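Okay, so here's the structure we're looking at.
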Protein chains: 2
Amino acid sequence: MKNLLVAQSGGPTSAINATLCGVIERGMINTEIEKIYGAHNGILGILSEKLVVLNDIFANAEALQLLCQTPSSALGSCRVKLADWQENSSEYEKIVSIFRKYHIGYFVYIGGNDSMDTVQKLSSYCKAKNIEDIKIIGAPKTIDNDLTQTDHCPGFGSAAKYIATTFAEIYCDCSVYDIPAVTIVEVMGRDAGWLTAASALARCNGHTVPDFIYVCERAFDTKKFLEDLKKKLSEKSSVIVAVSEGLKNEYGSYIAQSMHNEQTDAFGHKILAGAGKFLEEMVRREIGCKVRSIELNIMQRCSCHIASAVDIYEARLLGSAAADRAINGFSGEMACIQRIKNMPYEMKINFVNIDKIANKVKQVPLEWITKEGNDVTKELIEYILPLIQGELPVQYQNGIPVHFKL
Amino acid sequence: MKNLLVAQSGGPTSAINATLCGVIERGMINTEIEKIYGAHNGILGILSEKLVVLNDIFANAEALQLLCQTPSSALGSCRVKLADWQENSSEYEKIVSIFRKYHIGYFVYIGGNDSMDTVQKLSSYCKAKNIEDIKIIGAPKTIDNDLTQTDHCPGFGSAAKYIATTFAEIYCDCSVYDIPAVTIVEVMGRDAGWLTAASALARCNGHTVPDFIYVCERAFDTKKFLEDLKKKLSEKSSVIVAVSEGLKNEYGSYIAQSMHNEQTDAFGHKILAGAGKFLEEMVRREIGCKVRSIELNIMQRCSCHIASAVDIYEARLLGSAAADRAINGFSGEMACIQRIKNMPYEMKINFVNIDKIANKVKQVPLEWITKEGNDVTKELIEYILPLIQGELPVQYQNGIPVHFKL
């Protein structure tokens, strides 16, 4: 008898709990797995032995169903990178000893780019040390959609659905007055513009929004931006623009760098505040019309009440597949989505060696950005469209969605 | 045969189109009304004769149903106050002549506080000039919930549902890391804290959020605020705070006044930017922990995909009632909601003389704010709870809600 361990790491999404659900479901149907453990706060909870047995908690379908409509990480999360084991192996030894203590034979780590780094390091340590009774598989999640090898990442579809819906609603809101006005909507994404591009899906039902899309893959040209706006304002009164949080100038510096103090988060990522606010001030100064900036902020990653059914389904499937892969004796891989075709959309799951994934970033291909650099192409819209389909039958109580709480 | 005219004015809400729907429905069932006209951009569209016949457009149930799931004003809006007719009656004469030209016998104006000023002025002009063949009735809408005489305002319930849901989701998002962090969420409301108070409804399903609520009815005490936060941070790691956009200090000045330039909107209202951002900087400086501010921005008034079914139903009913009242020969009134009881919730419609409503503001009663000034009472939660109940069967296409477009 071996036990299965699952943990969640990195930033919240609307789908990461569906992946947890998938892992638990796969664990439960295997009679050779006695206990399914969840670690609180990712790898930190393993190191500090903050483990909880999940079997009883999820012994009924309702708990699993609620889990799938609960945003963020039910087990908690962390933002921790392990040191290289070649330099300092003490944490690795500790993790393995805790795995042994709890008879953990299979470990599924759900997370984004930084979490796959942990999967890579831990599995390569086990391999180097000939530890063959611990199997480690990564399950992807990130609203940023920037993991390589997988067609797309769970969490992205729900964030994209929120963004497309919100742009359609913002269009309705901003079109009521007959006076020149610019609305700048800042979308998450430091290094990848996938989410910003998702704003284009608001056009699918006929709204002419956004008027321009500037993603962080292309150097941002202030002069061209102002020219774009002035031209559009001569044609219509309400102009709506989508911009990536991580817009950079031709020298690779964040355009809003001068606006904020140079704080960094736990990973050393720069804290960005204000591409939208920065451009708002610029438009006010240089054009002088009514201007507003909107930050979609964390709502774009936690608005699970409007999650994509396709996204939640795939996230759940990936969790099950990752657990299954570990149980079947594989290690050092990530569960990936392979797109078979678009219309009608079909996908399947495959597994890719984690070395090909960790610490790599998949950006929007430059050929999916228009030549002028102020919009995305039809191909990009067609790529995202299948991922935002379907709505969850969300359970409400007291007028608000019910969330699962551990 | 007389015609019915309807127009929308003021800021967008998720329910103002449901009221338009109600007006149209009431007009359609009356065989003595030949045409239902809609004016583009409120009173501006009347003055410039931008009128559209609505009968054919809404001759099928689907168009009306889509209208009710479309945020903002389908007819467009304006922010215009008429001059006093005693000083300058030229606009009033023009309006009456256009009414005569189009055989308008009944006019329903849907809007908030500034729009009810128009209803008041126009109906008092007609009364003074013995114009008895034009009947003018106001139908309320405002997410701010600050109109007097009516128990609450259409649009408020949907905004409150969005806010309560979003706070529950933000709670999930912000609770994943085990490090001290403050999240400050800025909610709309210059002079009334109803929407900020609605954040408390996130607690109904068991989430301990927000930890503190500061509404603009109470002078904001910076020192007390920092003390509140420090105390709470000693008890738990993630502290979430709701603040009104219009927080003022003991001298009645906006707390963020020093942060932004003193622009004013078309009504002379000060443009507020940044109670949340202002407090974020203060917490970073004075406490030094991780801190983030979130502006719910226009999403709180246009997220019709999560509208309150009760709100949309009442908004539609008020539109019908307002048109009915005008057709029955009354003028210079606003359709109001009277709450009969809370559990189970029951309401009815009544009409109140517009003089009692125009240019008055209903704030949160001070007895519904806790003594410490950092939360709201049970009574306030019980007042809002019935208004956020129920979800619309929203029609989606291409993964996003379908909106009606004129």
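Laid out as a table, the results:
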| item | result |
| --- | --- |
| Using alpha-carbon coordinates, inclination of helix A:113-128 to the longest axis of chain A, degrees | 30 degrees |
| Partner lysines for A:LYS2 [C-alpha distance under 18 Å; skip if fewer than 8 residues away on the same chain] | A:LYS35, A:LYS101, A:LYS135 |
| Number of partner chain Cβ atoms within 10 Å, mean per residue of B:67-77 | 3 |
| Above-threshold pairs, the threshold being 31 Å between Cα atoms, out of B:LYS94/B:LYS360; A:LYS141/B:LYS405; B:LYS248/B:LYS356 | A:LYS141/B:LYS405 |
| Most positive-pole-ward Cα, A:GLN8, A:VAL108, A:TRP85, against dipole of the range A:1-131 from beta carbon charges | A:TRP85 |
| Gaussian network model of chain A, springs between alpha carbon atoms under 10 Å - residue of A:ILE388, A:ILE255, A:ILE57 with greatest fluctuation | A:ILE57 |
| Whole-number percent relative contact order across the range B:55-163, with pairs defined as alpha carbons under 8 Å at least 6 apart | 19 percent |
| Label point distance in nm, A:ASN342-B:LYS129, each placed 7 Å from Cα along Cα→Cβ | 6.0 nm |
| Given charges at beta-carbon only (K, R positive; D, E negative), |dipole| of the range A:196-256 in Debye | 160 debye |
| Förster-model FRET efficiency, 60 Å R0, A:GLU367 and B:THR377, C-beta, rounded to 0.05 | 0.55 |
| Beta bridges by DSSP in chain A, antiparallel share as percent, to the nearest 5 | 35 percent |
| Cα-based equivalent ellipsoid, the range B:171-218: semi-axes from gyration tensor eigenvalues, Å | 22, 13, 8 |
| 0 to 90° range, to nearest 10: angle between helix B:309-327 axis and chain B longest Cα axis | 30 degrees |
| Residues of type aspartates and glutamates that B:LYS50 reaches as a straight line, Cα spacing below 13 Å, ignoring anything fewer than 8 places off in the same chain | A:ASP178 |
| Folded to 0 to 90 degrees: helix A:90-101 orientation relative to chain A principal axis, Cα | 60 degrees |
| Packing rank of A:167-174, A:398-405, A:330-337, where each peptide gets the mean count of other beta carbons within 10 Å, highest leading | A:167-174, A:330-337, A:398-405 |
| Around B:ALA63: net Lys/Arg minus Asp/Glu count, Cβ-Cβ under 12 Å | -2 |
| Theoretical FRET efficiency, 1/(1+(r/R0)^6), r = Cβ-Cβ of A:ILE29 and B:ASN55, R0 51 Å, to 0.05 | 0.30 |
| Neighbouring partner chain Cβ atoms per residue of B:173-183, average, 10 Å criterion | 6 |
| Positive-end residue of A:ALA309, A:GLY373, A:ALA321, charge dipole of the range A:286-382 with Cβ unit charges | A:ALA321 |
| Proximal lysines to A:LYS236, defined as alpha-carbon separation beneath 16 angstrom and excluding residues fewer than eight positions away on the same chain | A:LYS290 |
| Peptide-level mean, for A:300-311, of C-beta atoms on other protein chains within 10 Å | 4 |
| For the range A:1-87, share of DSSP beta bridges that run antiparallel, in % to the nearest 5 | 40 percent |
| Cut-off 12 Å between beta-carbons: net charge of the residues surrounding A:LYS223, Lys and Arg +1, Asp and Glu -1 | -3 |
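Quick note: the coordinates plus some simple rules give every number you see, no bench work behind them. Everything numeric in this text was worked out from a predicted model, so none of it was measured. Heads up, the Cβs are rebuilt from the backbone with ideal geometry, glycines too, and the neighbour counts pull from every protein chain shown.
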